[in-house]
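Engineer: Shown below is the structure under consideration.
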Amino acid sequence: MLAAIQAKIRADRPLSHADGMALFAHPDLLELGALANELRQRWHGDRTYFNRNLHINPTNVCVAGCPLCSYSRKNPEDEGAFTLTLRQAVDKLRARLEVGDRVTEIHIVGGLSDRLPFTYFTDLLAGLKQVKPDLKIKAFSAVEIVHFHEQYGFSVEEILRKLKAAGLDSLPGGGAEIFSPRVRARICPKKCDAEAWLAVHRQAHRLGIPTNATMLFGTVETVEERIDHLLRLRDLQAETGGFLAFIPLPFHPENNALASCPMPTAAEILRTMAVARLVLANIPHLKAYWISLGLSVAQTALWFGADDFDGTVSEEKIYHQAGAQTPETLSPAEIIRMVTAAGRTPIERDTLYAPLTPAEG
Amino acid sequence: MTLDRDLFTQGRAAFAATQKAYAGHGFFESIQRYQPDGRAPGPEKGKTLYVESFDLAAMGGLAGAKQAGISVIAESLGSATLYDALDQGFRVWLRTPYRAGESSLQRTERLRSMQDILDQFSGMDALWPSPLGEPQGLDTLEFFSACRALFPAGHVLSDLVLLGHKLGQLCLTFGADELVGPIGTARQLRLGDNAQSHDVTELEARQWITAAGLIPRKRLESGHVAND
């Protein structure tokens, strides 16, 4: 079976749902990894991308209350709830710049607030760009965009145009979770459905806004539902070509209502990375998000299809609330050391994967 | 260190050797270090107590160890005490240190000295790869593959405390056949002194071994396999 799949991959033919199922069931993890690595090598050689990024979470007050979430608070008065003022948010960037951190990207995601005006978000983007005009801003998951649409009454297209005018450069891939309605009803019943998530990304791509895509795995989904998720992303990519990277995210069970789900095993994480690389052969980059995977698995994933190590990630909160044991930030030098030790060539990139000047600590 | 050999070839050779050594079984064993002052922290019964060989003198030698219920001697130098330990029925686990970033020459030297010890003392139960400092993912996996090649018919231990849970799991695909660490029947709450606990449950250990493609079995203090 694997030989037939290998032949398809070498001929650049798309894999079927049955192929995906066969890959997940294949007993030899290393054989699967070698196949994913072959495709990774063909596209990227030894190059492994990373960037200098800062995470800003404007608020954790969220009306969704998803069972999978360890991060959100229902009300602003709840213990641990916060909403940054615009000044506080912009000062986070200023603070990084003042210590010499050459941040090139801001990643912004937050709770679904019903208290903030839309201008809070456009002013946030504009304020950050004012501090560093060449900064790239990757902000607001499709779930947040749908919430803006429902909260403020603008169409999705209008929302995206207004955000782009204020400084938005790309959308992150969050909120996709698993597209299956059965799973969404269990883990995030108040988030937008798959069709809405895909529609936001389709619209963004049409407006020239590139995006990423994620898949949260290891909750209550079946392997079949994972494959279905990947194929729906591949179909949209075939239509628009707007996805830059795919990011598989293993579920972290601590401090949330799905704590009875065991965290995916390391072997399961690498298997999912490899299958994603092979099935999503039209999305150029596969990200090993070290915050979520853990450093050792992320480094190993660079041989299981991944070509992107994400970035320095200052101030990550969401996964650490869910029990992630990783550091909250890595220096460029640490990333370079880990990538080099993996036998790969580190390439510092911007948001759109254009290589920047040679990486240094 | 850079990977100048094929990771997958190394891994598959190591995994095949592991499968051959134990007919496709992978093991887990709850272990606890015994301190010379008599402390063996941890509330669980049924843990395998081990002592570092350099602590033996402070507890009355092998006789004292036997009296304390210790079944495993951990050793890294191949001292003459090992002859006696093996004679007296202790299991001996050979600590196999390594450091991320060391040169190929240093790594080769380490493995050679371990080989010398294995050649000198027959009857060793296990190799115990032990990182000096923070372990790195691929470097560790390569080292485990080398350890399996060094000790094809014995146990190669993946220490969940030294390696962390995820890297510890991955080592099962690269030559390790046994997870060791604080493995209990139920998870203790991560509070107070236990906040940074590495404890795992037997269920988790079984799941991790199964995910690596091996059949999980529990090893007891005696070194024998429990009847599941």
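The values are calculated or read from the model by the stated rules, or taken from the named source; none is laboratory data. Keep in mind that this is a model prediction, so the values were computed, not measured. Quick reminder, even Gly has a Cβ in these numbers, built from the backbone with ideal geometry, and neighbours come from all protein chains shown. Just the protein is used for accessible areas: all its heavy atoms, side chains included, with ligands, DNA and RNA removed. Shrake-Rupley method; radii C 1.70, N 1.55, O 1.52, S 1.80 Å.
Engineer: Which residue fluctuates most in the GNM of chain A (Cα springs below 10 Å): A:HIS17, A:HIS205, A:HIS252?
Structural biologist: Judging by the Gaussian network model, the answer is A:HIS17.
Engineer: On alpha-carbon atoms, Rg over Rh for segment A:60-207 using Kirkwood Rh?
Structural biologist: 0.97
Engineer: Quick one: 3J(HN,Hα) in Hz for segment A:223-236, Karplus 6.51/-1.76/1.60 with θ = phi - 60°, rounded, Gly and Pro as x.
Structural biologist: 4, 4, 5, 5, 5, 4, 4, 4, 5, 5, 5, 5, 5, 5
Engineer: Could you list which residues have their amide H under 5 Å from that of B:ARG217, counting only those 5 or more apart in sequence or on another chain, with H placed in the peptide plane?
Structural biologist: Amide H to amide H, under 5 Å and 5 or more residues apart or across chains, B:ARG217 pairs with B:GLY26, B:PHE27, B:PHE28.
Engineer: Shifting gears a bit: Highest mean first, what order results for A:214-227, B:109-122, A:121-134 on Cβ atoms within 10 Å?
Structural biologist: Going by the mean number of other Cβ atoms within 10 Å, highest first, we get A:214-227, A:121-134, B:109-122.
Engineer: Can you classify segment B:56-119 as rounded, prolate or oblate using the Cα gyration tensor, where a ≥ b ≥ c are the square roots of its eigenvalues, rounded means a/c under 1.5, and otherwise it's prolate if a/b beats b/c and oblate if not? Write down the numbers at each step before the final one.
Structural biologist: On the way: a/c = 3.29, a/b = 2.33, b/c = 1.41.
Verdict is prolate for segment B:56-119.
Engineer: Helix-derived [θ] at 222 nm for chain B: sum -39500 (n - 2.57) over DSSP H runs of at least 4, divide by residue count, nearest 500?
Structural biologist: On the way: 8 runs with 80 residues, N = 228.
Using -39500 (n - 2.57) per qualifying helix, the result is -10500 deg cm²/dmol.
Engineer: HN-Hα J couplings of segment A:122-134 from phi, Karplus 6.51/-1.76/1.60, θ = phi - 60°, integer Hz, Gly and Pro as x?
Structural biologist: 5, 5, 4, 4, 5, x, 5, 5, 5, 5, 8, x, 8
Engineer: Name the long-range amide H neighbours of B:SER130: under 5 Å, sequence gap of 5 or more, or other chain; modelled H, no Pro or chain starts.
Structural biologist: When sequence neighbours closer than 5 places are left aside, the close amide H contacts are B:THR96, B:TYR98.
Engineer: Let me ask something else. In Å, what Rg and Dmax follow from the Cα atoms of segment A:22-103?
Structural biologist: Just the Cα atoms of segment A:22-103 yield Rg and Dmax of 21.1, 53 Å.
Engineer: I'd like the orientation of helix A:142-152 relative to chain A: the angle between its Cα long axis and the longest Cα principal axis, in ° from 0 to 90, rounded to 10.
Structural biologist: 30 degrees
Engineer: Another question, then. DSSP beta bridges in chain B, what fraction antiparallel, as a percent rounded to 5?
Structural biologist: Percent antiparallel among DSSP bridges in chain B is about 5.
Engineer: Rounded to a whole number, what % of the accessible area of the protein assembly as shown do carbon and sulfur atoms account for, probe 1.4 Å?
Structural biologist: Ligands and nucleic acids excluded, carbon and sulfur give 53 percent.
Engineer: Hey, another quick one. With every protein chain left in place, what is the accessible area per residue of segment B:1-153 in square angstrom, probe 1.4 Å?
Structural biologist: Here the residues of segment B:1-153 average 45 Å² of exposed surface.
Engineer: ³J(HN,Hα) across segment B:148-162 via Karplus (A = 6.51, B = -1.76, C = 1.60, θ = phi - 60°), whole Hz, x for Gly/Pro?
Structural biologist: 5, 5, 6, 9, x, 10, x, 7, 10, 8, 10, 8, 5, 7, 6
Engineer: Give me the percent of Cα-Cα pairs in chain A that sit more than 26 Å apart, rounded to a whole number.
Structural biologist: 48 percent
Engineer: Show the residues, 5+ positions off or on another chain, whose built amide H is closer than 5 Å to the amide H of B:THR48.
Structural biologist: It is B:SER30, B:ILE31, B:GLN32, by chain and number.
Engineer: About its Cα centre, what dipole magnitude does segment B:22-168 give when the only charges are +1 on Lys and Arg Cβ and -1 on Asp and Glu Cβ, stated in debye to the nearest 20?
Structural biologist: In total the dipole reaches around 280 debye.
Engineer: A further question on this structure: Give the percent of DSSP beta bridges with both residues in the protein assembly as shown that are antiparallel, rounded to the nearest 5.
Structural biologist: 5 percent
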